[in-house]
1. Could you list all residues from the range 523-572 that are surrounded by fewer than 23 Cβ atoms within 10 Å (Cβ to Cβ), in a helix (DSSP H, G or I), touching a residue at least 60 places away in the same chain (Cβ under 8 Å) and of a type in the set (S, T, Y)?
2. In the range 1292-1333, what residues are touching a residue at least 12 places away in the same chain (Cβ under 8 Å) and among the polar types (S, T, N, Q)?
3. Tally the residues that are in contact with an Asp or Glu (Cβ under 9 Å, 6 or more places away or on another chain) and open to solvent by 10 Å² or more (accessible area, probe 1.4 Å), restricting the search to the range 1518-1529.
4. Which one of these does L1083 not meet: (1) in a helix (DSSP H, G or I); (2) in contact with an Asp or Glu (Cβ under 9 Å, 6 or more places away or on another chain); (3) within 29 Å of Y641 (Cβ to Cβ)?
5. Among the residues of the range 820-855, which ones are open to solvent by less than 50 Å² (accessible area, probe 1.4 Å), more than 13 Å from Q883 (Cα to Cα) and either modelled with pLDDT of 70 or more or outside any helix (DSSP H, G or I) (or both)?
6. Mind checking which residues of the range 537-556 are more than 14 Å from V354 (Cβ to Cβ) and of a type in the set (A, V, I, L, M, F, W, C)?
7. Look at D157 and say whether it is part of a loop (DSSP other than H, G, I, E, B), farther than 30 Å from R330 by Cβ and open to solvent by less than 10 Å² (accessible area, probe 1.4 Å).
Amino acid sequence: MESVLWRGRRKEKRFPGVFIFSLCILGFIARTNGQVERPSIPFNVPSSYIEKQRYDGWYNNLAHPDWGSTESVLTRKTPASYADGVYMMAGQDRPSPRVLSQAFMKGSDGLPSARNRTAMLAFFGQVVSSEILQASEAGCPIELHKIPIEQCDEMFDKECKGGRYIPFKRAGYDRNTGQSPNNPREQLNYVTSWIDGSFVYSTSEARLNMLRSFKNGTFLADPDDPHMPPRNTRRIPMDNHPTPHVLKILPPERMFWRTSITGIHLGPRPHHPVALEFLFRVGDEDVFQRARRHVIASLQVGDEDVFQRARRHVIASLQVGDEDVFQRARRHVIASLQNIILYEFVPAFLGEQVDPYLGYKPEVYAGISHVFQSAAFRFGHTLLPPGLYRRDPGPDCPFVSSQTGHLAMRLCSTWWDATDSMANSTMEQLMRGLASQIAEREDHVLCSDVRNKLFGPLEFSRRDLGALNIMRGRDNGLPDYNTVRKCFNLPQVQTWQGINPHLARTDPEIFQQLQKLYEDNLSNIDLYVGGMLESHEGPGALFRAIIKEQFTRLRDADRFWFENEDNNMFTYDEIEEIRKIRLWDIIVNASSVSPDDIQRNVFFHLDGDVCPQPMQLNASSMEPCPYLQGFDYFRDSEIAYIYSCILLIAVPIIIAGAGYATVKLQNSRRRKAKMHQEELANGRSVDKMMVKEWLHQNYKRIVKVKFGPKEELSTVNRKDEKLRTVSLQDIQSLSVEVTQDSHRKPMVLVRVPKDHDLVLEFGSETSRRKFLNKLEQLLKSHNKQMEVVHAFKEEMLANAETNERRKKRLEHFFREAYALTFGLKPGEKRILDDSSNDVSLVMRTSLSKKEFARALGMRPDEVFVKRMFNIVDKDGDGRISFQEFLNTVVLFSKGSTDDKMRIIFDMCDNDKNGVIDKNELSEMLRSLVDIAKTQKLSDFEVDQLIDGMFKSSGLKENEALTYDDFKKLMRESNGDIIAIGLDCKGAKQNFLDTSTNVARMASFHVNEIRDLNRHWLLKKYDLLATYLEENRQNVFYLVVFYVITVALFCERFIHYSFMSEHTDLRHIMGVGIAITRGAAASLSFCYCLLLLTMSRNLLTRLKEWSLQQYIPIDSHIQFHKIVATTALFFSLLHTVGHLVNFYHVSTQPLENLRCLTKEISFNSDEKPTFAFWLFGTLTGVTGIILFVIMCIIFIFAHPIIRKKAYKYFWAAHQLYVFLYIFSLAHGLARLTGAPRFWIFFVFPGVVYMIDKIISLRTRYMEHDIIETELLPSDVVKIKFYRPPNFKYQSGQWVRLSCTAFRQSEYHSFTLTSAPHENFLSCHIKAQGPWTWKLRKFFDPHNYIPDEENPPRLRLEGPYGGGNQDWYKFEVAVMVGGGIGVTPYASILNDLVFGTSTNRYSGVACKKVYFLWICPTHRQFEWFIDVLREVEKNDVTNVLEMHIFITQFFHKFDLRTTMLYICENHFQQLSDRSMFTGLKAINHFGRPDMTAFLKFVQKKHHYVSKIGVFSCGPNPLTKSVSSAVENVNTGRRLPYFIHHFENFG
């Protein structure tokens, strides 16, 4: 409500006294018109004949409707004289206004008016000023200027600190002005220029309606006193500034009224329990700022009320409506006010009569002039006394003392506090006192209460009215004193003394000082200074001319002037009656002041008038003024600000903790499910016990010991991951040592034969006893015994061979072997620790078969391990000594080919008879195949391989091989055997360089073309050019994105820094608002752009159009992340910036906040704290919600949460709906500007909504599952019906959900079926919670068919993938890693089908190289079946495949070399791999992508570009991208273009 009614009215000067006169006018009319029963206004005249005068002043002049209206510009009667000719303050070369005030307006109080003008005249002048003028209110933005104060100023710098200033705010102005010298700044008048009773009725009809009862044309009345206005319980906006001595703003209801027998009384109700004070409602919103004006306003309202009551019986008899009565009474009140002001007040003020009224002049402009507002009418300030008399009725004229016992109330004690000042005063007391009190002398001196102690803001609670008046003239661009005289047809003064010859004779020093301060420049004197110095027993000639001209124009230009008979408002007789009304009539008729209590001419107190004042008041004889020298506007905001900062930091921490807890919860659930499955598989639960495992002196860990169910004892961690297993199979008796120390924690050491010891610590003896009982029960269940040995703790731990100690010893073991092998002396350059001080200890160390297998990275039961262990263990004692191991390492590192060949022969000769038969060779081959973890060979395939090897070596007739035959068999591989070694990948000190373990690819070798003379700078240029060319689209769009983002930031930053001059945001918030608004624009763009990156259907369609070659659509996920990260940065910048901005806002006074925004109404009794801005505004609340949502979305998008707790990641991302809703609502409050988020949101939002609607076509369609199959490596194949009209391309993907569980949770999977097939299929690897649940659901052991409600799949898509453009390249290289081969199952089938049947005329592919990189074949046997089918159908040989097994040993390892030999023989014999049965060649190790691409480039030099497609984990994509960049660096054709998809 306040925002509707508030008009931003603020007075620069607030003098108590306006309120008294307002109650009197209508009472006078009721009495002077004779009897009440015979009212003078003819009620029988229809209201339609009389025009209603608007409250806002519009349409008074029909030709110029806006003349004299509210917020009209002041008129210039003199040329503007701004410093720059446009808007800068005038007089910048003039002295400080405070210095001028001290020099010319400082003087003694207590000099009476030369013509006996009363204080009533001085304070009634404020009523007149409020009626026609309000042009000193601070504009928006608030332009603060500083009035310098001289050091050691008697009032403002008593401590002589210097640097002090008086704050001054420039007045509001028309924004369409101040743009050029031809259009200088023009200030606004916020009230009507007409004398229309606006200080009673208001200039807003909405505000007036809050004051009316709408019954019988009356105002609302106080329920407890019908004669008085009601209390302001509706909280109509009133000027309610904080009082300096209270240090806070009081409630606006604090004043209420009551009548007494003697008259109207102001103050607390006697029966009220607490002496609270209340304001009551009147038309002028700032009427309560001073006691005297407070009383005058009450007189006017009372006058209106008396008039209405006098005519109630006429209303009933003539059936006149409420509005008619109200408007008739209003016209009479306005007429009375016009008469008093122009024909009583103005002559008394000027000392001369105004010209007679000659009729309405529509050509006359009624606006208030600058010189009148800023200088001339301010002459009345010199009449203001330093105090106020109050007088009771009675012939002896009893004057009332103040509460402090002084003769009168001190003026400076009543600023902004009319109610408190009058708590013990009646209206009549003040009226009598003002009528008796003589005003101050009409001269250039201002009393100290207004010159030194004028009210100001709380941070500077006292100001100088004289200095402010001078400054106001400069603010309005007034010309100098002489120029104004010329404009008003007065002669210019030629000498300083010519300003006031009388004053020059009595006080010549003042003009000498004036001459000095103005540097002897008569044409540079401030108008107010010169006009005040003219004063002699009243305003000087210049001020009289200005004031008289102003009031004459107001009268002549007013179409509703009471003397204008043409407006049909009053008859001639009524006009004559109105002309007789004086202010004395108003006071006497509307209050209990008797006619004999005051003189008839209340503006003068002459000899013989009643009750003269006791003495002329002097400030020195009255109470001192309170002086508050500072105020902290941030008070009451400290706690809210601190907690807001804590909230800003705590929210992401709390959400991150929630994300961490979510991951832990999901892990816990999986562990419990795994344990449950184990229990189901074992048929019973396993005994468990929590203990501490002792590893070494400084480290213990909490583990869980599991007893059984097999013949084993195992320890697991808190994640239920197995740490160690103690096998009990090969022992009959288990030795257990227990400590016997009575005052130490009990411990147990389990001696494990041929393995390190297990040392456990228990919290109590009971726990250890429980452990021993369970262990004994486990052993007895398997017919074994337990032997318990007692020992002391120190001795037991000293002899304990723990895992940690064993590891360190073995590390030292391998390190010494390496040092000795490569020529280092034992102990040289080796790292020693406590467990390896003595080298002889290493010499005594031996390896068990299990430790030897672990060093080789294999299992102890593998054939290769057994054979190799037997060869190394020369003495056959079942352990490998240091010397035996060293001899073997030296042999492999430095031995001859014959020695290495002998080792291979001995490994194959299992029975040690000196020959190798076919069975022994077959067993070794099977072991090698098993090592490679490939498909097992059949007996026929093994026999075929061996026969082929024998045949190729000329040994076809042999059934066994001697050593010489074996060498003949291996002669083709002598080159490979020379370099073989032993890859001890399980030992930290290895004997082969595994960092370059790329596969042997001799067939792809390309001779390097070296440019030895090429300058290094050119090589760097080639690298840069290649990178930019390879990523030109990505770089281009990233540059475009960041250019737009930064440009949006800079545009808003510049706008709010330099171009928002009409808002106070920049002034209050500083550069922070420019930063936050710039960040808001950038983050709005980023968040809306995210919608386009997730419009999957749009992206899919773009990939099918030619436009896709100009847009890197394959990188939309990466771009999505980049945009989101950028949005996060600007969001944090925006959040932190506003935290600082609203700190600044919270430090501002209420009047500054009204300029901050027009969209929020502020209560007049409180200043909004930081908590209000944060929790009480739409912007603040939505900002908090947005910050929380943003934190949830970004934190739950972390890769760990996305992988471990996908459903929570997906649920968090669904909050994007609320993110955009609250973003749209965030700016609706318009605190810092008009909302702009919708501008960025409209297009992406519409596109995204259409995209989602398209997805709904298939989202809720349920498709029957044809078959499911569980495949190795946790892969499940799902085959389901293809929807009608479902079209897709090979390489595309869909989003699936299962109706059996989590129907709303969709996950993305690549289609492995080809487009020509009439079904759809996906191969899904179980990695996250949903995929594991899917696999377990379709596990034949768990699956229970439901005929009535079988599980079905829901489908979204298809969507474009990075591999779907394969058909556009004549030559393509496809690289699949791990489960990333799934798109190629569809692509290769589609390729072969299309090329073999000639159905695809648009397919450009002539050659495709497919590289499959996988750890082992066994994990992807299902894909081998796919490749086998592809090879079968590839009749055109368009496809060439290579398989790389990466989970293997070094390329020169003995095992790898033997596999290569066998594979080569098998390929020569059967034209297929012995591991996969495919024509594809198997390689062991990582592919050398750079060499391979160079080979392809050389072979297909006739094409311009080659497409490289990869799908798999990030390291694979990076490797392929790096190889593509390296090859493209050569700047040779063909050029490689990389398309990729990532997962994980």
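1. T552
2. If the condition is that a residue be touching a residue at least 12 places away in the same chain (Cβ under 8 Å) and among the polar types (S, T, N, Q), then Q1292, S1297, T1299, Q1303, S1308, T1310, T1312, S1313, N1318, S1321, Q1327, T1331 are the ones that fit.
3. Adding up the residues that qualify gives 3.
4. For L1083, the failing item is (2).
5. Once the filter is applied, which keeps residues that are open to solvent by less than 50 Å² (accessible area, probe 1.4 Å), more than 13 Å from Q883 (Cα to Cα) and either modelled with pLDDT of 70 or more or outside any helix (DSSP H, G or I) (or both), the range 820-855 yields G827, R830, S848, E851, F852, A853, A855.
6. Listed by number, the residues that qualify are A541, L542, F543.
7. So D157 passes the test.
Yes or no, residue by residue, for (1) crowded, with 17+ Cβ neighbours inside 10 Å; (2) over 24 Å from K850 (Cα atoms); (3) touching a Leu at 6+ places or on another chain (Cβ under 8 Å):
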site: N717; (1), (2), (3): no, no, yes
site: I731; (1), (2), (3): yes, no, no
site: S742; (1), (2), (3): no, yes, no
site: V752; (1), (2), (3): yes, no, yes
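The values are calculated or read from the model by the stated rules, or taken from the named source; none is laboratory data. Predicted, not measured: the structure shown is a model, and the values here were computed from it. A quick note on method: Cβ atoms are made from the backbone with ideal geometry, for glycine too, and the neighbour counts reach across all protein chains shown. Remember, those area values only see protein heavy atoms, side chains included, never the ligands or the DNA or RNA. Shrake-Rupley method; radii C 1.70, N 1.55, O 1.52, S 1.80 Å.
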